[in-house]
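The values are calculated or read from the model by the stated rules, or taken from the named source; none is laboratory data. Not measured: the values here are computed from a predicted model. Note that we place each Cβ from the backbone using ideal geometry, even for glycine, and neighbour counts take in every protein chain shown. These accessible areas exclude ligands, DNA and RNA; they are computed on the full protein's heavy atoms, side chains included. Shrake-Rupley method; radii C 1.70, N 1.55, O 1.52, S 1.80 Å.
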Amino acid sequence: MAEPKKYKLGDSGEAGGLVFYVTPNGQHGMEVAPSETEMPASVPWGCMGLNVPNSMGTDIGTGITNTKSNENFNTDTLWLDNLGCYLFRIYMPKAWQLTQQFIMNTFGDWYVPSKDEMELIYSNLFLQRRGDFYFYDKSKPRCYWTSSMTDTTHAWVQYLDALTPGAVAMKQKSDLCYVRAVRNF
């Protein structure tokens, strides 16, 4: 029987992303999708004023729950009750929708990272100059959404750029930031 593969930080993951977290035995972890899969424009987190149940987790491992909560909560009936949110939904994809639709190398189980998962991407990849975060325009701040909502109008973002490296902030859910999908393996 073959020895199970052991991963290290920065390795290519099971789906072709970059490994940013590994379990102590190295057999499982999390990977972030490569920069070329990132959407070319920034998107909102979601609609202002909506309290999405079970989407405030910030710990490692809660990103998938937060993202699934958004998928399950955002129904047509809910959006029709609020015409502004409904129009917003039709014309502008949200962070969670991008990961819901994302498939890479036959893997479709991607999600928006939680606040602490994004912090691991910052410390284990960005600071090590892995993941092509420095490829972008160095004259502008570049925020990335987490799946962690703070209240009905805000969610956490992490800045991965040369101007504000590692800064963590709350932004209005209707603001525009980028999304880098992650998955467990």
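Show the residue pairs that are 6+ apart or on different chains and have beta-carbon atoms under 7 Å apart, the first residue being within the range 34-50 and part of a strand (DSSP E or B), the second being at pLDDT 85 or above. Going by the 7 Å Cβ cut-off, the qualifying pairs are 43/176; 43/179. Among the residues of the range 149-166, the one identified as open to solvent by less than 40 Å² (accessible area, probe 1.4 Å), of a type in the set (Gly, Ala, Ser) and more than 21 Å from residue 30 (Cα to Cα) is 155.
Scanning the range 34-71 for residues that are more than 25 Å from residue 15 (Cα to Cα), open to solvent by 40 Å² or more (accessible area, probe 1.4 Å) and modelled with pLDDT under 85 returns 48, 49, 51, 53, 54.
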